[in-house]
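Here, each number is a calculation from the coordinates, and none is a lab measurement. Note that the structure is predicted; figures quoted are calculated from it, not measured. Reconstructed Cβ throughout: ideal geometry from the backbone, glycine too, with neighbour counts over all protein chains shown.
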Amino acid sequence: MALLPILRYPDPRLNKKAAKVDVVDAGIRKLAADMAETMYAAPGVGLAATQVDVHKRVIVIDVSEDKNELQVFINPEILSREGECEAEEGCLSVPGIYDLVTRAAKVRVRALGLDGEPFELEAEDLLAVCVQHEIDHLEGKVFVEYLSRLKQARIKAKLAKQARITA
Ligand code: GNR
Ligand code: NI
């Protein structure tokens with residue numbers, strides 16, 4: 001297991017589109033295990049491979065209270081969406097920034113599991129938000145890109161200042 005460094009917005013590598021996984025092999029399982037370790041250490045409720053500079057369609061999520069319900073989605077696809085909900089989001093690639101994003105309230109998702117077998121799942125509440133947030137990362141999209149240009153400029157300035165302080 002290994003902790004992986006997380007890219008910070010506005011790193012242009014966060015805007016790369018991730019490639020489909022052809023075979024769920026030992027390399028993909030190791031990536032998922034390292035991503036899970038990185039997510040739990042952060043701590044966060046989800047992580048997309050894009051955030052650790054691996055441009056493959058792999059996401060890990062654990063929205064459970066006790067952090068013992070890891071879910072791994074390989075090649076995730078949203079089959080259907082229902083309703084709308086606005087929720088406050090944060091992102092490990094945009095530390096310290098929280099803002100409202102409107103997304104589908106309920107989504108039906110298909111993905112491959114760590115065994116390479118397809119599964120389907122209906123997600124709502126935080127899991128639905130998280131699945132949509134992580135799939136966006138695989139498409140090269142960061143949640144702050146839904147906000148106004150003025151807010152994005154302010155966020156970039158704030159993160160640049162933080163980076164100077166911590167450097
Ligand atoms: O840890 C995270 N919390 C979170 C809260 C509200 C909406 C989405 C998220 S995902 C985020 C981890 C992350 O950056 N995943 O990409
Ligand atoms: Ni994120």
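Contact order normalised by length for segment 100-167, with contacts defined as Cα pairs under 8 Å and 6 or more residues apart; what percent is it? Write down the numbers at each step before the final one.
On the way: 44 pairs, mean separation 16.3, N = 68.
Computed over segment 100-167, the figure is 24 percent.
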Subject >> Set of segment 96-117 residues, backbone N closer than 15 Å to the point 7 Å along the Cα-Cβ line of ASP125 >> reply: 105-107
Original post:
So which GluC sites (Glu not before Pro) in segment 82-131 end up in coil per DSSP with only 13 or fewer other C-beta atoms within 10 Å?
Top reply: GLU84
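Set the Förster distance to 22 Å, then compute FRET efficiency between GLU86 and ARG149 from the Cβ-Cβ distance, nearest 0.05. It would help to have the intermediate numbers written out before the result.
Details: r = 20 Å, r/R0 = 0.90.
About 0.65, to the nearest 0.05.
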Original post:
Any idea what the relative contact order of segment 81-131 is, in percent, if you count C-alpha pairs under 8 Å spaced at least 6 apart?
Top reply: 32 percent
**OP:** Please list, in chain and number order, the residues 5+ apart from GLU89 or on another chain whose amide H is under 5 Å from its amide H, with Hs placed from the backbone.
**Re:** ASP99, LEU100, VAL101
Subject >> For segment 3-10, 3J(HN,Hα) per residue [Karplus equation, 6.51 cos²θ - 1.76 cosθ + 1.60, θ = phi - 60°, Hz, x = Gly/Pro] >> reply: 7, 10, x, 9, 5, 10, 4, x
**OP:** For segment 135-144, just list the computed ³J(HN,Hα) in residue order, Karplus coefficients 6.51, -1.76 and 1.60, θ = phi - 60°, integers in Hz, with x standing in for Gly and Pro.
**Re:** 5, 4, 4, 5, 8, x, 10, 9, 4, 5
Original post:
How about segment 25-79: which GluC sites (Glu not before Pro) there are in a DSSP loop, with at most 15 other Cβ atoms within 10 Å of their Cβ?
Top reply: GLU65, GLU69
Subject >> Value of relative contact order over the chain, rounded to a whole percent, pairs C-alpha under 8 Å and six or more apart >> reply: 23 percent
Subject >> Residues of type aspartates and glutamates that LYS17 reaches as a straight line, Cα spacing below 13 Å, ignoring anything fewer than 8 places off in the same chain >> reply: ASP53, GLU134, ASP136, GLU139
Subject >> Vicinal HN-Hα couplings computed from phi for segment 160-167 (Karplus, 6.51 cos²θ - 1.76 cosθ + 1.60; Hz; Gly/Pro x) >> reply: 5, 5, 4, 4, 5, 5, 7, 6
Original post:
What do you get for Rg/Rh of the chain when both radii come from the Cα atoms and Rh is the Kirkwood radius?
Top reply: 0.95
**OP:** Show the residues, 5+ positions off or on another chain, whose built amide H is closer than 5 Å to the amide H of GLY46.
**Re:** ASP62
Original post:
Across the chain, where is the longest run that never hits trypsin sites (Lys or Arg not before Pro) in a DSSP loop with at most 11 other C-beta atoms within 10 Å?
Top reply: 21-167
**OP:** Would you list, by chain and number, the lysines whose Cα falls below 24 Å from the Cα of LYS16, excluding same-chain residues fewer than 8 positions away?
**Re:** LYS30, LYS56, LYS141, LYS151, LYS156, LYS158
Subject >> Estimated inter-spin distance, TYR40 and LYS156, nm [label 7 Å along Cα→Cβ] >> reply: 3.7 nm
**OP:** Quickly estimate the mean residue ellipticity at 222 nm for the chain, helices only: each DSSP H run with n ≥ 4 gives -39500 (n - 2.57), and the total goes over all residues, rounded to 500.
**Re:** -9500 deg cm²/dmol
**OP:** May I ask you to compute the full-extension gain from LEU79 to HIS55, defined as 0.36 nm times their residue separation minus their alpha-carbon distance, rounded to one decimal in nm?
**Re:** 6.4 nm
